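Below is one structure; the comments refer to it alone.
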Amino acid sequence: MTKHILITAAAAALAVGLSLSTTTAFVTNAGNGNAALSSALFSFTTDTAESSDAIIFSSPLANSSLDMPPYSKWEWNTHHNAESQLNKDSSSKTTHSINYLSVGDTTKPALLLVHGFGASSYHFRYNIPELAKDYHVYAIDLLGFGWSDKPIMDYDASVWRDQVIEFIDQVIFKEKGDDNRSIAIAGNSLGGYTAMYAASDSRIKEYVRGCILLNAAGRFRPEEGEETPAEPNPIVKSISSAIQRLVIACSFVITKQPARIEQILKSVYPSDSSNVNSELVESIRAPALDPNAAEVFYRVITKNGSGPMAYVDDIIKELECPVLLAWGEKDPWIRPAAADKMQRLHAEFHGENVGGENGSKWMKRVSIDAGHCPHDEAPEAVNKAILRFAAEVF
């Protein structure tokens, strides 16, 4: 049976010697099971009852030595909220405050960056200034992460897909006007999955000029004969849920210290950990001080399989734009085999079309000497790959 890489904070269970085998979050069945460390680095950083109402949440940009602009806010009015989920009524709307950055010449083509699980737009700190020299760069904090709102609701892939699509429509295209509706979307890990999921959607796919996947997460369609976990009975399911909640809560307490965050970060920056600095650690720790953060992390970890989940296979089939795989080949969580499979699937669905000789549906791969976060571990190499790709597709 193919082993799974759990692209979730189920790794929290490993910290206290347990396994959350029933977690049904983002997985890719193309790698080594030892990679179940997953997105621990982004989920281990939540304070619990000691958090107070008086906490002031400050951005790492405030103390950063980087030339970064202030954040902006977008008020997202959406049916993605607890009431509509409970009543199964999409007419119920709620407004969520979404954090984002906008950098560069507004007359230039738009490039949207989407961070990974538990991170924020700050994770593109070494990419935004360079990319903004040639493009109008946006970076968004996904709902539940960074300095965006963290509502208590169920989270699934459709939430972030719709957030990205509506941000593009309501913010980017509104600023660009009807005559400049073109965009490229890039994302790391969960953000990579979100980027391709949004890029394949009929609401915006005609405007998407390119999709850039930085070690994208995602679940592939089970292969013929592959076993799939059976649904547990209600009693087992309730017990499992209680154990998961306890384990995750304990792991938050155990591993919330900056030194532990730094340790885990360095494990996924295998080639060069010099960019694992205090600012990066703080960008992960600070948002987790929000009183809702622990519950949001728990719901993301354990319940994102409850909503619509598109397989990577199906998304790649629907993509109509060029795709760049800028892949950290030393990723201990999402192995290069995942990128290999994406390339095979793309060739199967769209034919061999290296370089775009036979239309816009092409995929190229650039190998990066880095781990799970190539854009931050090896920013010069990733920026170069993105700029070359963008010059081809715009």
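Details
- By accessible area, using a 1.4 Å probe on protein heavy atoms only, the stretch 101-151 has 49% of its surface on carbon and sulfur.
- Accessible surface ranking for LYS317, LYS88, LYS176, 1.4 angstrom probe, highest first: LYS88, LYS317, LYS176.
- Phi-derived couplings, Karplus 6.51 cos²θ - 1.76 cosθ + 1.60 at θ = phi - 60°, listed residue by residue for the stretch 378-394: 10, x, 4, 5, 5, 4, 4, 5, 5, 5, 5, 5, 4, 5, 6, 9, 8 Hz, with x used for Gly and Pro.
- Between ILE243 and ILE152, the contour length at 0.36 nm per residue exceeds the alpha carbon distance by 30.8 nm.
- Solvent-accessible area of ASP369, all protein chains in place: 100 Å² (probe radius 1.4 Å, heavy atoms, ligands and nucleic acids excluded).
- By accessible area with a 1.4 Å probe, ligands and nucleic acids excluded, highest first: order of THR194, THR95, THR107: THR107, THR95, THR194
- In a reduced charge model with +1 at each Lys and Arg Cβ and -1 at each Asp and Glu Cβ, the stretch 259-331 shows a dipole moment near 320 debye about its Cα centre.
- Only protein heavy atoms count here; on that basis, with a 1.4 Å probe, GLU329 has an accessible area of about 50 Å².
- Separation of the ARG221 and GLN343 label points, Cα + 7 Å toward Cβ, nm: 2.2 nm
- Scattering profile of the stretch 77-186 at q = 0.11, 0.16, 0.19 Å⁻¹ [log10 I(q)/I(0), Debye over alpha-carbon scatterers]: -0.37, -0.74, -0.97
- Spin-label model distance (nm) - ALA82 vs PHE394, 7 Å beyond Cα toward Cβ: 4.2 nm
- Sorted largest first by accessible area at a 1.4 angstrom probe radius, with every protein chain in place, the residues SER278, SER102 fall in the order SER278, SER102.
- Per-atom-type breakdown for the stretch 168-215 gives carbon and sulfur 35% of the accessible area (1.4 Å probe, protein chains only).
The values are calculated or read from the model by the stated rules, or taken from the named source; none is laboratory data. For clarity, every value in this text was computed on a predicted model and none was experimentally measured. Every residue, glycine as well, gets a Cβ built from its backbone with ideal geometry; the counts of neighbours run over all protein chains shown. Ligands, DNA and RNA are excluded from the accessible area calculation, which covers all protein heavy atoms including side chains. Shrake-Rupley method; radii C 1.70, N 1.55, O 1.52, S 1.80 Å.
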